[in-house]
Structures are given as structure tokens and as C-alpha cells.
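Visitor: One structure, pasted below without further comment.
The values are calculated or read from the model by the stated rules, or taken from the named source; none is laboratory data. Not measured: the values here are computed from a predicted model. Note that we place each Cβ from the backbone using ideal geometry, even for glycine, and neighbour counts take in every protein chain shown. These accessible areas exclude ligands, DNA and RNA; they are computed on the full protein's heavy atoms, side chains included. Shrake-Rupley method; radii C 1.70, N 1.55, O 1.52, S 1.80 Å.
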Amino acid sequence: DLTSTLSFHYFSEYISYLKKRAPYGFFNSWSWDSEYSCISFSFNYMNTSSNTIKYIDVYFRVTNGVGDVRKTGHFQGTGPLEEFESATWEWDTSSYYVAGDASNMSITKVILTFMNGTKKVLTGKLLVFD
């Protein structure tokens, strides 16, 4: 009985910490490539919001080694993604092409559209990566 109580206590503490650190979710992983100048992209996202995600729009910026912007754009993943679920979206090819010197990608913004039609824009500290 004590073990069960402690397990629940630590689990509850972890959930509280997680929701405080990433109230709308976080990226478990993400990657990109520009083989043959065509951008490929994938990400795994965990929803920590009590609202179910309908769409997740991930905005990016690709730069070269000296910081010149080579491409901006976004990818849209389709849910539903319920609270404490994670999912992976992958694009092996896309309509985004970059110059051969493209070497860095950053995620600049995420727009979550929930099933009830509300939206949440994530930038800065709200963009959480595991």
C-alpha cells in the first residue's frame, strides 16, 4: 500500500512539473535534411494540454554557416492528439528547396489548433525540446 501511494505521489509531482515546464506540449525529437536540396523533416510531439490538438503547424528557418536565411516555411501535422499522447509526422520530400550551403534549421514558431477551434501560438520559452 505504501509503495502504491508513493508511486502515485511521485507520478503526480512529475505531471505537475511537466505541465509547468511545457503547458502545451513539447518536442520529443525532430530532424531535418536537405539531400539533393529538397528539405525533409520529421518531428515527434507530446501534448500536455487537456485540449485535443487538431493541427500542429511547425514554422522553420533554414540558414547557412554564416547566418544567411536560405528558406522559411512550415509543415502541418494533423491529429487528433489527446492529452499525454505523442505522435510522429514525417515528410521525406517537400516543396521546399534550399541552396547547397544550407546547414542549419531552427523551429521558430508552433501554432496549435485545438478541436474546439481555439489556437495557441508557441514561441520563445513555450517552445520546449526534450
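Visitor: Give all pairs with beta carbons closer than 7 Å in which a residue from the range 9-35 that is in contact (Cβ under 8 Å) with a residue 60 or more places away in the chain meets a residue that is of a type in the set (D, E, K, R); count only pairs at least 6 apart in sequence or on separate chains.
Guide: Y24/K120; F26/D130; F27/D130; N28/D130
Visitor: Restricting to the range 114-130, name every residue that is closer than 16 Å to F43 by Cβ and assigned to a strand (DSSP E or B).
Guide: The answer is L122, F129.
Visitor: Check every one of the strands (runs of 3 or more DSSP E) wholly within the range 18-93 and list those with 1 or more residues that are loosely packed, with under 14 Cβ neighbours inside 10 Å.
Guide: Values: elements: 26-33, 40-46, 53-64, 69-81, 86-91.
Ranges flagged: 26-33, 69-81, 86-91.
Visitor: What is the residue count in the range 94-107 for residues that are open to solvent by less than 50 Å² (accessible area, probe 1.4 Å) and either closer than 14 Å to F27 by Cα or part of a strand (DSSP E or B) (or both)?
Guide: Qualifying residue count, the range 94-107: 4.
Visitor: State whether one or more residues within the range 113-122 are under 12 Å from Y24 (Cβ atoms), open to solvent by less than 40 Å² (accessible area, probe 1.4 Å) and of a type outside the set (S, T, Y).
Guide: Taking every residue of the range 113-122 in turn, at least one turns out to be under 12 Å from Y24 (Cβ atoms), open to solvent by less than 40 Å² (accessible area, probe 1.4 Å) and of a type outside the set (S, T, Y).
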